[in-house]
1. Below 8 Å between Cα atoms, with a sequence gap of 6+, how large is the relative contact order for region B:27-185 in percent?
2. Quick one: 3J(HN,Hα) in Hz for region B:109-114, Karplus 6.51/-1.76/1.60 with θ = phi - 60°, rounded, Gly and Pro as x.
3. Just to be sure I follow: if Rg is taken over the C-alpha atoms of region A:62-210 and Rh is the Kirkwood radius over the same atoms, what is Rg/Rh?
4. Percent antiparallel among DSSP beta bridges with both residues in chain A, to the nearest 5?
5. Report the convex hull volume per residue for region B:27-185, counting only C-alpha atoms, in Å³.
6. Quick query: amide H of A:GLN198 versus all other amide H atoms, modeled in the peptide plane; which residues come in under 5 Å with a sequence gap of 5 or more or a different chain?
7. In the P(r) worked out for region A:27-287, what percent of Cα pairs fall beyond 35 Å?
8. Identify all lysines with a Cα-Cα distance to B:LYS159 below 23 Å; exclude those on the same chain that are fewer than 8 residues away in sequence.
Amino acid sequence: MQNLKKYFLLSLVSLGFVSCSSDDNNPAANNVTLEFNNTFKNTTIVLGNAASTSATANTSAAGQAHHFSELKYVISNIRLVKDNGDEVPYSVNDLDKGATVIDQAKTASLSYVLSNVPSATYKQIKFGLGIKAEQNTLDQVRFPNFYAAAGANDTAMMWEWGSGYRFTKIEGFYDADNKAMSIHTGSTVEGTAPNYTQGVNAYRDVTLNLTTNAVVGSTAPKIKIKADFDKLLSGKTNTITLSTGTGMNDNATPNVHTAAQMVKFVDNLGGNGSSDITGMFSVTAVEN
Amino acid sequence: MKKILGFVIAILFLTSCNSEDSEMLAIDNPEIDLKIPADFPELNAFVSQNKPTQYGVELGEKLFSDKRFSADNTISCSSCHIQENAFTDQKTQAVGIEGRIGLRNTPSIQNLAFMKFYNWDGSKLQLETQPLVPIITHEEMDSSILEVIGKIKDDASYKDLFRKTFGDENITPDRIYKSIAQFEYTLISANSKYDKVKRKETSFSESELKGYQIFQQKCASCHAGELFTDQSFRNIGFPLNTDTNEAGRARVTGVSSDFMSFRVPTLRNIEYTAPYGSFGQFSTLKSVLDYFDDGVLDADNLDPIFKGNGKKMPLTEEEKINLIAFMKTLSDTEFLKK
């Protein structure tokens, strides 16, 4: 009984500490909001069907007009880098807590709130476009919430045949006659990194410098990230001309972009992992 | 306080009693000796990590024919993999729930323990990772593994089998995948007339023998070895599946030379697995041979065997008859029976 009293006292004391620190002007942690703005160059994309007059139109370097009816991608493996270079991972091993589907048709999905980020000054953000092979197994038991979100009928971010998630899903139209374009990317690797026994690794790690440091503490910063889908066809790595058909080089519909042609889109969107580690992404502002 | 202590001790006592009991009743679940036929290739390396056991196989077979694997409880694995057709379905492309048509022809699933690649495009290298695909695919069962477990978890016969196989009643995804694979590992077909001829128990007819000789000359470089496949992926200029999701092996590897290449299929029990081709392009063996004889479609990556021969494999009508007679000696009628 004497012991119990001690514990009670201890609990009271620690409660006191907790409440003290939350009253403090410098809390131990706060939220960081990632706000995604999906654009063609500097214009925010408006989706639309083939005949839409309101959809945002873009023209590629190769001269092809195009617009989108659907635009989704997966962000995971988020890390914030402190001004001293230390990396702070954000639930990187838990897709339920640390991954999300950005869906241009759902405004709420464009803001992703990182909660409980340790108070510090951050200079850089890193994240993955897609999902690392080790977590990309459609494991419903391990990550039930992400599985449900990605597999929802209005989201359809799964590649059932490859037992993995789709990393990007872009539907749209191109050229004057509005031919269908349908760009899906995802990984097909088997085995373990880095010695995969077969397949394509479509995961890309992106590193972005913040325009100004994000100060987490008494403030909950917002990091504005632009995803410029002009890069899809007119990227730093590849200039792509869309063509429709069932041949080896046709790339506008899923037949070959699930294979050799797919990597060109992946490198344009998420970078090639070496000379380009930003892909289509950039930070446009940090609001502290 | 004393009462509680007494209770705790009683529980401890009961518990220890129980554990002694279960040790005494330890289930005998012997490994099944896979009788490996002479000259077959090595087992897939993953078999050694999931060796078939008596109850594992029994459980796998039960799961294999359970229609609760599909969203509307209408389709099991065995709805498409029908034993009397050497585990195929006689359809050009597999048919899932609500009559949904799949991308490809249902492959036979014999001798999988000896295969290095699974599916037409070799997307899977380990059999335990395959069952999830039909469970979740829209055109197949359109369910999820937790939905399946939810439906079968209270079934006493499953509880019994999971306990006998794995030591307790827990039904987990991995256990389901493992037991289905164990069942499939036991599906070994090697008792056809061809096998009996090889074992000198019988002999070929004249036509079969001639067919065998032509086969050695013209077919055996791809349909090689005792599985009658060298497990390579080739584009042999078959009519193309225009479904935009089809790219053959290339959709797995990202290599353009794999475009519209498919795994060389085994010819064992080929008599029962019509129609033929990755999406059932050919209704009969004769029509396949006629196609080779007439000439195949050209492609940049057309297999050298056809590319170098004017995109053809010329065959006389008599040769075709004899080849078909030989291919029918690969039928293992015992394998088709329960």
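1. 30
2. Taking θ as phi minus 60°, the curve returns 10, 8, 6, 5, 4, 9 Hz for region B:109-114.
3. 1.01
4. 90
5. Working: hull volume 17.8 nm³, N = 159.
Hull volume normalised by residue count: 112 Å³.
6. A:GLU190
7. 13
8. B:LYS51, B:LYS62, B:LYS67, B:LYS151, B:LYS178
Here, each number is a calculation from the coordinates, and none is a lab measurement. Remember, predicted model here, so these are calculated numbers, not experimental data. Positions of Cβ are generated from backbone atoms using ideal geometry, with glycine treated the same way; all protein chains shown enter the neighbour counts.
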